[in-house]
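K.L.:
The structure follows.
What follows is calculated from the coordinates using simple rules that are stated; it is not laboratory data. Here the structure is a predicted model, which is why all the values come from computation and not from measurement.
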Ligand SMILES: [Fe+2]
């Protein structure tokens, strides 16, 4: 499976720029995590890139989110590991992630929203201006980007063995590396 084909499929299903950017950010952090764990970078990156592919269609039926999308991916011939990671990533279902890829997606992609919010409060609205220390501080301020589920992110310690500090450093760097594609 080729990354560009996955991106084509995403673009056919996802119209909103904000969501497209979230998927690009998720791809970047999953690639960085794969490198850290010596896993398959392409496979992990594609998983991040497609994980919310059904979000717009299931916006009003969140209990369908990830079930519909994983169905599309299966049909399109994506590897079973990708399909399963996408299927279990909707926290609402209460599925237990098993493989490291599933666990990584489950706990790590939530943090991208907090990092974007940290960029948007900078005077220049740039990711380059965001310091890891300020992301850490904002993590503790529950009223800041209140939609970001801190409990899920904190599970990265037991799920994939990364401390909150390590996770923030890795994700911020990964997103800064692709900042122009994120418009930040
Ligand atoms: Fe997501």
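K.L.:
Run lengths n ≥ 4 of DSSP H only: what is the helix-derived mean residue ellipticity at 222 nm for the chain, with -39500 (n - 2.57) per run over all residues, to the nearest 500?
P.N.:
Value at 222 nm, helices only, nearest 500: -18000 deg cm²/dmol.
K.L.:
Hull surface divided by four, with the convex hull built on the Cα atoms of segment 43-108: how many nm²?
P.N.:
Details: hull surface 15.9 nm².
For segment 43-108, the mean projected area of the Cα convex hull comes to 4.0 nm².
K.L.:
OK, next. In degrees from 0 to 90, rounded to the nearest 10, what is the angle of the helix 17-36 Cα long axis to the longest principal axis of the chain?
P.N.:
90 degrees
K.L.:
Remind me, what semi-axes does the chain give for its equivalent ellipsoid, largest first in whole Å, using sqrt of 5 times each Cα gyration tensor eigenvalue?
P.N.:
24, 18, 16
K.L.:
Kindly express, to the nearest 10 degrees and within the range 0 to 90, the angle between helix 3-13's C-alpha long axis and the longest C-alpha principal axis of the chain.
P.N.:
It is inclined by approximately 90 degrees.
K.L.:
Would segment 145-184 count as rounded, prolate or oblate if I go by the C-alpha gyration tensor, calling it rounded below 1.5 in a/c and otherwise prolate when a/b exceeds b/c, oblate otherwise?
P.N.:
Oblate, because a/c is 1.5 or more while a/b does not exceed b/c.
K.L.:
Can you give me the relative contact order of the chain as a percent, contacts being Cα pairs under 8 Å and 6 or more apart? Before the final figure, lay out the partial values.
P.N.:
Values: 237 pairs, mean separation 39.1, N = 184.
Averaging sequence separation for qualifying contacts and normalising by length gives 21 percent for the chain.
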